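Okay, so here's the structure we're looking at.
The values are calculated or read from the model by the stated rules, or taken from the named source; none is laboratory data. Everything quoted here is computed from the prediction, not taken from an experiment. Don't worry about glycine lacking a Cβ; one is built from the backbone with ideal geometry, like all the others, and counts go over all protein chains shown. These area figures cover heavy atoms from the full protein model, side chains too; ligands, DNA and RNA do not enter into them. Shrake-Rupley method; radii C 1.70, N 1.55, O 1.52, S 1.80 Å.
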Amino acid sequence: MLDRLADLVTRRRVLVLLLVLGLSAALAAFIPRLRADFTPSDLFAKFEDQEAIAAEFRAEFGNTDNVLLVLVESPDVLSQPTLQYIHDLTRWLREQPFAARVDAVTTLPIPREPGAAERATATSGIIAALYTVSALTSTQVGNAAGEIRGVPPRRRLDPEIPETVVSLALGSGSVRPAVDGDEVTADDADAVRRAVRSSRLLRGRLVSEDETLTAVAVPLADGYTRNEAIEAAVGAVRDHLHDTPAPDGVQTSLGGLPFVRSDVISKMRADQTVMLPLSLLVCVLILYASFRWLPAIILSTGAVVLSAVILVGGMAAFGEPFNIINNIVPLLIIIIGISNAIHLVNRYGEELRAGRMRLDACRESVKRMTVACFLTSFTTAIGFGSLLVSRTEVLRRFGVVAGIGVLIAYVLTITALPAALTYAKPPRRGGATTEEGAIEAFMERLTRAILRRPLPVLGVALVIFAVSVQQATQIRIDSAVLDQFRDDDPIVVSTRLVEQKLGGVRPLEVYLTSTTPHRFDDPALLNAIEDLETWSKHQDGVLGAISYVDYLRAVEQFRGGEADVPFDSAARVASNRALLTAGARNPLAPYVNADSTRARLNIGVADFGAQATIALADRLEARIAEKFAAFPDVQVRLTGDAYVGSKGLDAVISDLLGSLFLAVFIIFGFMTLLFRSARLAALSVPPNVLPLVVTMAFMVVTGVPLNAATAIIFSISIGMAVDGSIHVLARFGEEIERRENVDEALVAAARGTGKAIIMTCFSLMFGFGVMLTSSFVPVQRFGQLIAMTVFGCLLATVIVLPALLKVGWIGATSAAPET
C-alpha cells in the first residue's frame, strides 16, 4: 500500500497537484458565505431537563435576551440637559426599524389629573414603576446593591390618597409619558425626579441610587435575531452616539446581549487578521531555521494554507459558523500542519544526503513517513474528536471541525507537498537540508549521556511527577462570564457598571408552576414567595430580587395597607390585581400569567464565579424545600443564565475528563496495535502524561482555574504530546532492525528525528504563542498552556523516553511497523 501511494505521488504528481488546487479553489469560493455566531448559552452544558425548563419558561414569559442597552452616565442624570439628551436619543431610537420599543426615564408614565397635582405627584412613582420596571424586566437589570443589606423596611405611604385616584391613575386614559413634546421643560424634569425618588422599584433599577447612571432599553424587533442584523443595529446606534455628542459631563456606552454578540464577532474578525499572519510568519521563520531552502519554506507554508482554505471553505459550504471557540481552528491547522511538513522535508533531505535523485528521494520519503505522520495526525485528531462526548454543543462542533482539519492537513502534506518538492531544484550541498548540523550532534551527545545514567534521569522525572500531582490536586474548578474578556474590555466595563449601580445582568430565575387556576393569588402562597424573595436579597452575591408580590405590595401600600403585614385576604389580592391589569399595558405580565398558574421570582446575581453561584443555588433550593413543603401542588424549579451556566460547569468538567480518558485509551490502544507491542506503547505513556500533570500544577501556581476553556487543553494536548514519541518509536523500529545494540539504535533514532522534533515543537510553541495577542482570555490561556505543555513534551521525549526505552526494552519487542 505504501509503495502504491509513493508511486501515485511521484508518477501522477501533476494529477495530484491539479486535484488539490481545484478542490481548494472550489471551496474557497464558499468562504465569503461563512457566518460568525456567538450565543453565550452555547458555552453551557445541557444537563438534566434544564433545556426543557428553559424552553417552557421562555414560552411563558418570553425571550428576554435580545435587548440593547444604552447606558448614560452623568453627575446628575435627572438634570434637565441630561434628560433632554436622553429624550432626543429615545425619539431617534423609536424611529429606527430595529427597535420594537424604547423604554427610558423620559418615557415614564406620569399621571396627569387636573386639579390634583399633589396627589398625582405622590402617585407618580408607583405608576411609573408599575409600567416601566415591568418593561425593563427584559433587560435583566436587578435592584441596586443598596437594597440588599441594612435597608429599613418599606414604610406605609400616604394613606390619604383615595382609591379612586389610584384607579384613575391606572386607567389607560389618565397616564401620559413624562415628556410629551420635543422639549424637556423644567416641569417635566421635576415630574421625572419626583417619580424616580418616590419609587423604590425605579431607584436602583432604571436609575442608580446616586442618580449618576440610567439605562435606555431597546428590545430589538422580531426580524433582528441573526448576527448580521444585530451588528447593523448596534452599528447604527454606535454611529448615532458618535455623531451626536452628549452634553459636557455626560458619557454613553452600550450593553446588553446584542452589544456583546456584535462586539465578540468584531473581535473574532480582528483576531483573525492579526493571528493568522503572525502564525504564518512563525511557520516561515521556523522553516527557514530548519532548512534554509526556499522551496521547502514556500511549499510547506502553501500546503498548510491550502489545508486551512479547504477546511474553512468546507465549513461555509456546510453552514458551520465561526464561534468564540472554533474561530481559532484555521490557526490550529496551520500550526499543527506545519509539524508534519517539517518531518517530511527533513526526511526528504536525509534521502538526498544518501545520494538519491529527486523522484526516488520523494518516493522513499513518502513511503517512510506516511505511517508515522498518519499516526501523529490520527492521535491529534482523536484528541479533538474526544470532545464529542461533551454535552456542550460548541465543544462538540469544535472537536469535529478541528479533527477533520488535522486530517486534511495530513493528506495534503503526504501528497501535494512531496509532489511539489520534486519540481524544485535540490538544495545546494552544505545547506541545512543536505548536511547534518549542530542539532544532530547535540542530540547524539545528549542521548548518549542519558543512556549512561538512565535511572537517575527517571528518578528526577518521578520526583517532578510526584510534586506536580500533589499540586494538581489543589486545582480550582471555577468560571465566570467575564473571564472571557480582558479587564479593560468594554463588555467588562459596562457589565461591572451595571452590576455596581443597576443590579447586574445575570438572572437566576425561580420558576413556579401549578395546575390550579389562580393558585398564585392565594395569600399564603404569596407570603411564601415574599419570604423567599426577602431571604434571597440577604444572600452573598445577590444584587436584587423582584416578583409579582412587589407589585401587589406597592398597590396595597397606596391603598392604605401596611407594608409589613402578611397577605390574608384573597379578595383583597384579587382587587389589587384587577387594578394593576386595568390599564392598556399589563405590568404583571413579566411575572405571572393571566390565569395565575405560572409565576417567577427574578433574582439578579453578580458574576462572582460558578462555584459561588452553585452554592447560592443549593441554599436557595434548600430554602424552597423548607418553605414550599406546605404547597405540594406547586412545582418550584430554578433556571436562568446564571444557574444554567454555573450548574453546567460541573457537567462540562466531567465530560472533558471523560474525553481525556477516552482519548488516552484510543491513542495508546491504537499505538499498541500499530507497533504490535503493548510494552512499547506502555513505555510511551509516562513521557506524555508527565507534561500534562506539570501543566496542571502550573495552573495551580498561577491561579488559572479549570473550566471549559482550559479543560479542553488536556484532551487536545494528549493527541499532540505523543507526536514526538511516535516519530522516535517509529525510527527506533527501523534502526533496531539494522543493529542489535539498543543504545546505538536509540542514538541513531535521536539523530534522525531530533532535529525535526525540536523544530516542530518550537513551531508549535511559538505558533500557539501567537494566541497571546487574542482579544479573548480563553484563547490567550489556550495558547499559553498548550505552548507550555508542548515544551514539556519536548523535554520528556528527548530526555525521559530514551531512558525508559533503555530500561524497559526487551529484545523481542522489535515489532515496529514497516515505515
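Between the Cα long axis of helix 80-94 and the first principal axis of the chain there is an angle of about 70°, rounded to the nearest 10. Taking the chain as the region of interest, the number of lysine pairs whose Cα atoms are within less than 21 Å, with members eight or more places apart or on different chains, is 6.
The H on the amide N of residue 35, modeled in the peptide plane, is under 5 Å from the matching H of 322, each at least 5 residues off or on a different chain.
With all protein chains in place and a 1.4 Å probe, the accessible surface of region 254-405 carries 67 percent carbon and sulfur.
Counting alpha carbon pairs within less than 8 Å and at least 6 residues apart, what relative contact order, in whole percent, applies to the chain? Walk me through the numbers on the way to the answer.
On the way: 1400 pairs, mean separation 169.9, N = 819.
After rounding, I find 21 percent.
Where both bridge residues fall in the chain, DSSP classifies roughly 95% of the beta bridges as antiparallel. In sequence order, region 251-268 has phi-based couplings of 10, 10, 8, 9, x, x, 4, x, 5, 4, 4, 4, 5, 5, 5, 4, 5, 4 Hz under the Karplus curve 6.51 cos²θ - 1.76 cosθ + 1.60, θ = phi - 60°, and Gly or Pro positions carry x. Using alpha carbons only, how many degrees (0 to 90, rounded to 10) separate the axis of helix 523-537 from the longest principal axis of the chain? Tilt of helix 523-537: around 50 degrees. Of the whole protein surface, residue 627 contributes about 70 Å² of accessible area at a 1.4 Å probe radius.
Going through [x] 60.7; [y] 40.3; [z] 38.4, the figure that equals mean projected area of the Cα convex hull in nm² as computed for the structure here is [z]. Of the residues 85, 224, the one with the largest accessible area comes first in the ranking 224, 85, computed with a 1.4 Å probe on protein heavy atoms.
Largest accessible area first, the listed residues 533, 744 line up as 744, 533 when surface is computed with a 1.4 Å probe on the assembled protein chains. The mean accessible area for residues of the chain, using a 1.4 Å probe and ignoring ligands and nucleic acids, is 38 Å² per residue. The residues 553, 738, 486, sorted by heavy-atom accessible surface at 1.4 Å with ligands and nucleic acids left out, run 738, 486, 553 from largest to smallest. Helix 570-580 axis versus longest C-alpha principal axis of the chain: approximately 80°, rounded to the nearest ten. The 3J(HN,Hα) values that the Karplus relation (6.51, -1.76, 1.60; θ = phi - 60°) gives for region 12-20 are, in residue order, 10, 5, 5, 4, 4, 5, 5, 4, 5 Hz. Gly and Pro appear as x. With an 8 Å cut-off on Cα pairs and a minimum separation of 6 or more residues, tell me the relative contact order of region 178-299 in percent. After rounding, I find 12 percent. Think of the chain as a dipole: +1 on every Lys or Arg Cβ, -1 on every Asp or Glu Cβ, centred on the Cα centre; then among 581, 672, 750, 750 lies furthest on the positive end. A 1.4 Å probe, protein heavy atoms only, puts the accessible area of residue 92 near 50 Å².
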